[in-house]
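The values are calculated or read from the model by the stated rules, or taken from the named source; none is laboratory data. Note that the structure is predicted; figures quoted are calculated from it, not measured. Here the Cβ positions follow ideal geometry from the backbone for every residue, glycine too, while neighbour counts run over all protein chains shown. These accessible areas exclude ligands, DNA and RNA; they are computed on the full protein's heavy atoms, side chains included. Shrake-Rupley method; radii C 1.70, N 1.55, O 1.52, S 1.80 Å.
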Amino acid sequence: MGASDFANLPHIGAAVRRKEDYRFLTGAGQYTDDVVLAAQANAGFVRSPHAHARINAIDIAAAQAAPGVLGVFTGADVAAAGINGLPCGWLITSTDGQPMKEPPHPILAQGKVRYVGDHVVMVVAETLQQARDAAELVNVDYEVLDAVVQVADAAKGPALHDNAPDNHCFKWAIGDKAAVDAAFTGAAHVTRLDLVNNRLVPNAMEPRAAIGSYSRANDEYTLYVSNQNPHVERLLMTAFVMGLPEHKVRVIAPDVGGGFGSKIYLYAEDVCLTWASKKLNRNIKWVADRSEAFLSDAHGRDHVSHAEMAMDANGRFLAMRVHTDANLGAYLSTFASAVPTILYATLLAGQYTTPQVHVEVDAWFTNTAPVDAYRGAGRPEATYLLERLVSRCAWEMGLSQAEIRRRNFITSFPYQTPVALQYDIGDYPACLDQAEQLADAAGFEARKTASAAKGLLRGIGYSSYIEACGIAPSNIAGALGARAGLFECGEVRVHPTGSVTVFTGSHSHGQGHETTFAQVVAARLGLTPDQVDVVHGDTGRVPFGMGTYGSRSISVGGAAIMKALDKIETKAKKIAAHLLEASDADIDFANGEFTVRGTDKKVTFGQVALTAYVPHNYPLDKLEPGLNETAFYDPTNFTFPAGTYICEVEVDPATGTVRVDRFAAVDDFGTIINP
């Protein structure tokens, strides 16, 4: 089915009220903390108060004797049990051909702590208060060491890990350095920019939470967890950390109250609870409080960059070079190494026809919380750097913000960038034109004059961004270091009454998948969205999946569902052909009805569904009963949404007060399923 055909289907583009909102607004949602299991204990963690310290001794005797305490566990217990450290899911190879340095990342500290919030001891007790009180009784003898927290100081700071004595994880580069240097030599003007993209702390509405459970009856574990990709969580925990058969572990991610990347990863708490649930034969819950989350969740950004743009005398871009120092924190988180490399540098061409781009990235360990993907994961960092640089180019060349962009926009597609990506389609001038109309950019000078008359300053800023969504394909990503596939799975199960249940490997943490996916299925099968249920977040029910991140849910997860629907339609046409005594090649399907082309003979989708499960009049010699199909989809390329934003502000120079006067945003997202 082509894009134009899909866009014209019923329900596509309709503002359907979100199906999931009723339970959320009426308090009927079920988040991990709402799950209460029988004989459920509670866990608390002793965390390091120091950025860098050697652990001389840990005295847990008082904690073990405290009321209600069931178990107290240290790094020594973890090591004795053969539990491995947390893995990194993306291998980066340095420019010298050597693999990146991967220090061990124990789930409970062994020998040293390396950032404030590092996990030292887990205490399990009957109640949460008892666990917290007992944790206060743990006495850790620390030898405080010098620490390094700024990425600029990493090279000369104290070593965090024995296998990275200079704190350097890798040096990575992309682009033709010689060609870039040659272009700079002949440039009429070079604009330079130093930029800090500061570290930030994720802050989802629902803090991270987990419940570890073990059944002696079948030697199986269940982990309830606030997570964006339960199959990946299970794979990492079983294959790399605990050494368990994957089918013996079920991961359930119920309703998730926001994630934006911070809940992609396998965290130490998840492993600790799963492991201890068997040790103690108890269900164990842990829920982070807000302060604990600030310390222990993976952080985002933390780049220090220098960028240069070479231009000709007319302000056309000739070449760009960028050097970024990326702070990875104390350990490599799940996808930490991919963010400042594959997901960042490949977007630095932006919307522009810059012939040559060279990007070099140095990644460093520091005594800070691990850094990983957050809200765009490398792509916002690229846009921020590039658009700040382009804006400065305009100022220095005496051009307007709109004009310098128009002179350098890509206008012919497909377009191969000098940093690996190939854009399939786009219309960047149209987005800019519409944004200027919405912002009334033509009236800016008059408004600026009016503000000046009142003693105020007025400014206008432009940003023309491009995204790369979907992260694909798996074989290319694998060649670039990915240690997992990047496909998605969708199962469409048609019931005898014609209603449908969809099982998707994508996972919702607030995006409205239960509505959007239902619209897609309803549009294809001639149903209403209320006739479609969507199941996600449970490795025991969904065949497989890679979860939700990188803006991939519709472009990859939705495409997998569409492929499963293709199979459903193909089989359903054969059933309809049998009922209508026609060839399946002559059967058309639209608006929930199968018709024989050129006749008035027809049968409904509901009739076909019932026939599939009550096969009295059915081609049993040719078709199996039932109407249930599964499909996997691995994209051949990213998708590339783009747009232009314009912001106009008024500033009081006496007080520094900034007032946003107007903000215009134009995005090109292709077919909008639910606006």
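What's the total number of residues in segment 189-231 that are open to solvent by 20 Å² or more (accessible area, probe 1.4 Å), part of a loop (DSSP other than H, G, I, E, B), of a type in the set (Lys, Arg) and touching a strand residue (DSSP E or B) at 6+ places or on another chain (Cβ under 9 Å)?
So the answer is 1.
Taking Lys448 and the conditions (1) charged (D, E, K, R); (2) part of a helix (DSSP H, G or I); (3) open to solvent by less than 50 Å² (accessible area, probe 1.4 Å), which numbered condition does it fall short on, given that it satisfies the others?
All conditions pass for Lys448, except number (3).
Can you name the condition, by its number, that Gly470 falls short on among (1) modelled with pLDDT under 95; (2) out of contact with any Pro (no Cβ under 7 Å at 6 or more places or on another chain)?
Status for Gly470: all satisfied but (2).
Given (1) closer than 30 Å to Ala518 by Cβ; (2) among the acidic types (Asp, Glu); (3) open to solvent by less than 40 Å² (accessible area, probe 1.4 Å), where does Asp118 come up short, assuming only one miss?
Unmet for Asp118, out of (1) closer than 30 Å to Ala518 by Cβ; (2) among the acidic types (Asp, Glu); (3) open to solvent by less than 40 Å² (accessible area, probe 1.4 Å): (1).
Select, from Ala53, Ala43, the only residue that is small (Gly, Ala, Ser), farther than 30 Å from Arg524 by Cβ, touching a residue at least 40 places away in the same chain (Cβ under 8 Å) and touching a Gly at 6+ places or on another chain (Cβ under 9 Å). Steps first, please.
On the way: Ala53 fails: touching a Gly at 6+ places or on another chain (Cβ under 9 Å).
Going through Ala53, Ala43 in turn, the sole match is Ala43.
Scan segment 158-177 and tell me whether some residue there is open to solvent by 40 Å² or more (accessible area, probe 1.4 Å), touching a helix residue (DSSP H, G or I) at 6+ places or on another chain (Cβ under 8 Å) and under 29 Å from Leu235 (Cβ atoms).
Checked against the condition, which is being open to solvent by 40 Å² or more (accessible area, probe 1.4 Å), touching a helix residue (DSSP H, G or I) at 6+ places or on another chain (Cβ under 8 Å) and under 29 Å from Leu235 (Cβ atoms), segment 158-177 yields no hits at all.
Among the residues of segment 31-40, write down those that are surrounded by 14 or more Cβ atoms within 10 Å (Cβ to Cβ) and assigned to a loop (DSSP other than H, G, I, E, B).
Within segment 31-40, the first condition is being surrounded by 14 or more Cβ atoms within 10 Å (Cβ to Cβ), and the residues that meet it are 31-33, 35, 37, 40.
Answer for segment 31-40, where residues must be surrounded by 14 or more Cβ atoms within 10 Å (Cβ to Cβ) and assigned to a loop (DSSP other than H, G, I, E, B): Val35, Leu37.
Taking segment 486-505 on its own, how many of its residues are closer than 19 Å to Phe605 by Cβ, open to solvent by less than 10 Å² (accessible area, probe 1.4 Å) and of a type outside the set (Gly, Ala, Ser)? Break it down into steps so the answer makes sense when it comes.
At the first step, the residues of segment 486-505 found to be closer than 19 Å to Phe605 by Cβ are 490-502.
The next check asks that each one be open to solvent by less than 10 Å² (accessible area, probe 1.4 Å); those that pass are 490, 492, 494, 498, 500, 502.
Now drop any that are not of a type outside the set (Gly, Ala, Ser), which leaves 492, 494, 500, 502.
Looking only at that region, the number is 4.
Could you list, in sequence order, all residues of segment 593-609 that are buried (at least 18 other Cβ atoms within 10 Å of the Cβ) and closer than 20 Å to Asp5 by Cβ?
Result: Phe594, Thr595, Phe605.
Report yes if Ala590 is open to solvent by less than 10 Å² (accessible area, probe 1.4 Å), under 30 Å from Gly512 (Cβ atoms) and of a type in the set (A, V, I, L, M), otherwise no. Full working, then the answer.
On the way: open to solvent by less than 10 Å² (accessible area, probe 1.4 Å): no; under 30 Å from Gly512 (Cβ atoms): yes; of a type in the set (A, V, I, L, M): yes.
It is false that Ala590 is open to solvent by less than 10 Å² (accessible area, probe 1.4 Å), under 30 Å from Gly512 (Cβ atoms) and of a type in the set (A, V, I, L, M).
Please find, among Ala43, Ala28, the residue that is aliphatic (A, V, I, L, M), closer than 23 Å to Glu206 by Cα and in a strand (DSSP E or B).
Values: Ala28 fails: in a strand (DSSP E or B).
Exactly one residue qualifies, and that residue is Ala43.
Considering only residues of segment 387-417 that are of a type in the set (A, V, I, L, M) and more than 29 Å from the chain's Cα centre (by Cα), which is surrounded by the fewest Cβ atoms within 10 Å (Cβ to Cβ)? Even if it seems obvious, please write down each step before you answer.
So the first thing to find is which residues in segment 387-417 are of a type in the set (A, V, I, L, M), and the list is 389-390, 394, 397, 399, 402, 404, 410.
Okay, now just the ones that are also more than 29 Å from the chain's Cα centre (by Cα), so 394, 397, 399, 402, 404.
On the way: Ala394: 19, Met397: 20, Leu399: 16, Ala402: 20, Ile404: 25.
Per the stated criteria, the residue is Leu399.
I need the full set of residues from segment 633-661 which are small (Gly, Ala, Ser) and open to solvent by less than 40 Å² (accessible area, probe 1.4 Å), in order please. Before you say what the answer is, go through the steps one by one.
First, pick out the residues of segment 633-661 that are small (Gly, Ala, Ser): 642-643, 654, 656.
Ala642, Gly643 - these are the residues of segment 633-661 that are small (Gly, Ala, Ser) and open to solvent by less than 40 Å² (accessible area, probe 1.4 Å).
In segment 518-543, what count of residues is obtained for those that are surrounded by fewer than 22 Cβ atoms within 10 Å (Cβ to Cβ), under 26 Å from the mean Cα position of the chain (by Cα) and part of a helix (DSSP H, G or I)?
Number of matching residues: 0.
Being free of Cβ contacts under 8 Å to residues at least 24 places away in the same chain, hydroxyl-bearing (Ser, Thr, Tyr) and outside any loop (DSSP other than H, G, I, E, B), is that true of even one residue in segment 418-432?
Scanning segment 418-432, I find no residue that is free of Cβ contacts under 8 Å to residues at least 24 places away in the same chain, hydroxyl-bearing (Ser, Thr, Tyr) and outside any loop (DSSP other than H, G, I, E, B), so the answer is no.
From the list Trp275, Trp286, exactly one residue is under 25 Å from Ala39 (Cβ atoms), in contact with a helix residue (DSSP H, G or I) (Cβ under 7 Å, 6 or more places away or on another chain) and part of a strand (DSSP E or B). Which is it? Reasoning before the result, please.
Details: Trp275 fails: part of a strand (DSSP E or B).
Residue meeting the stated conditions: Trp286.
Out of segment 46-59, which residues are open to solvent by 30 Å² or more (accessible area, probe 1.4 Å) and in a loop (DSSP other than H, G, I, E, B)? Don't jump to the end; show me each part of the working.
Taking segment 46-59 first, the residues open to solvent by 30 Å² or more (accessible area, probe 1.4 Å) are 47, 49-50, 54, 56-59.
Correct list: Pro49, His50.
Where in segment 579-675 are there strands (runs of 3 or more DSSP E), lying fully within it, with 3 or more residues that are in contact (Cβ under 8 Å) with a residue 60 or more places away in the chain? Break it down into steps so the answer makes sense when it comes.
On the way: elements: 587-590, 593-596, 602-604, 628-633, 642-651, 658-668.
Strands (runs of 3 or more DSSP E) meeting the threshold: 628-633, 642-651, 658-668.
Test of understanding: among Asp533, Asp538, Asp584, which residue is within 29 Å of Trp90 (Cβ to Cβ), charged (D, E, K, R) and out of contact with any Leu (no Cβ under 6 Å at 6 or more places or on another chain)?
Working: Asp533 fails: within 29 Å of Trp90 (Cβ to Cβ); Asp584 fails: within 29 Å of Trp90 (Cβ to Cβ).
Only one candidate passes the filter, namely Asp538.
Within segment 3-25, track down each residue that is open to solvent by less than 70 Å² (accessible area, probe 1.4 Å), within 19 Å of Phe589 (Cβ to Cβ) and either part of a loop (DSSP other than H, G, I, E, B) or among the basic types (Lys, Arg) (or both).
Selection gives Leu9, Pro10, His11, Ile12.
If you go through segment 418-435 one residue at a time, how many are within 16 Å of Ser464 (Cβ to Cβ), open to solvent by less than 50 Å² (accessible area, probe 1.4 Å) and touching a strand residue (DSSP E or B) at 6+ places or on another chain (Cβ under 7 Å)?
Number satisfying all stated conditions: 7.
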